[in-house]
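Heads up, the thing below is written out as structure tokens.
Read-outs: derived from the displayed coordinates by stated rules, not from any lab. What you are looking at is a predicted structure, and each value in this text was computed from that prediction instead of being measured. So basically every Cβ, Gly included, is an ideal-geometry build from the backbone, and we count neighbours across all protein chains shown.
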Amino acid sequence: MSKIILDTNAFKIAVYRISKNIFDENKNIQELAVVGIQNKGVFLARRILSEIARLADVDKSQIPFGTLDITLYRDDLDNFGPDMPIIKDTVIPFDMSRKNIILIDDVLYTGRTVRAALDVLMDFGRPKSIKLAVLVDREFRELPIEAKYTGIKYKSKESIKVDCKEIDGIDKVTVASVK
């Protein structure tokens, strides 16, 4: 059994709220860049980028955009055995040295994905700053990592599933099993 914690409308509102908070705190768009963590963080990042561009009244191509795959930086690769995850594109087509990076993912839980993403980013250079934006913060961190921008906080050790219309046909967030 699953419980919907964000329906399509609440999902849209959460994405807007994240975008508005980012825009309000980053008025100098020339210093801003948006980077999404594969897989669903990329879809969210594209939406957030579009919304920030709309709020700033600029074309979204004026805000640098990148994607990260953290697979090879994971600290649990040994646990996968022969079922290794599929490696996706990492593309950082801009100089990060003077950029305030907004790193975007769908769910923040232990912090290990974000730790790996930070390692990947640092291989591309040293940005001015990195701030994390997530749709859902599950809490229960294992590392000292916190999101600056959050759609919702939902304290849960149960699995959270984010559906994005780009690949799932609908926007929603569910708790996979409710006890």
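Data table
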{"read-out": "Relative contact order [Cα under 8 Å, 6+ residues apart], the chain, whole percent", "value": "27"}
{"read-out": "Three principal axis lengths of the chain [C-alpha, angstrom, descending]", "value": "47, 38, 30"}
{"read-out": "The stretch 118-140 and the stretch 9-32: distance between their alpha carbon centers, rounded to Å", "value": "16"}
{"read-out": "Listed pairs Lys3/Lys99; Lys20/Lys40; Lys60/Lys155; Lys99/Lys157 exceeding 31 Å between Cα atoms", "value": "Lys3/Lys99; Lys60/Lys155; Lys99/Lys157"}
{"read-out": "Taking Asp7, Asp59 and counting other C-beta atoms within 10 Å, the order from fewest to most", "value": "Asp59, Asp7"}
{"read-out": "Total formal charge among the other residues, if their Cβ is under 10 angstrom from that of Ser19, Lys/Arg +1 and Asp/Glu -1", "value": "+2"}
{"read-out": "Extension reserve of the Ile87-Ile167 stretch, reckoned as 0.36 nm per residue once the Cα distance is removed", "value": "27.1 nm"}
{"read-out": "Extended-chain gain in nm, criterion 0.36 nm per residue less alpha-carbon gap, Glu146 and Ile29", "value": "39.8 nm"}
{"read-out": "Protection proxy ranking, peptides 154-161, 49-56, average beta carbon neighbours within 10 Å, highest first", "value": "49-56, 154-161"}
{"read-out": "Dipole axis of the chain (+1 Lys, Arg; -1 Asp, Glu on Cβ), positive-most option in Ile152, Leu44, Tyr109", "value": "Ile152"}
{"read-out": "Dipole in debye (nearest 20) - the chain, about Cα centre, beta carbon charges: Lys, Arg +1; Asp, Glu -1", "value": "560"}
{"read-out": "Spatially proximal aspartates and glutamates relative to Lys161 (Cα-Cα < 13 Å; intrachain offsets below 8 disregarded)", "value": "Asp7, Asp105, Asp106, Asp137, Asp171"}
{"read-out": "Burial order of peptide ranges 35-41, 136-142 (average beta-carbon count within 10 Å, highest first)", "value": "35-41, 136-142"}
{"read-out": "Dipole of the stretch 1-143 [Lys/Arg +1, Asp/Glu -1 at C-beta], most positive-end residue of Ile4, Leu72, Ile29", "value": "Ile29"}
{"read-out": "Fully extended contour minus Cα-Cα distance, from Ile4 to Glu158, at 0.36 nm per residue", "value": "54.2 nm"}
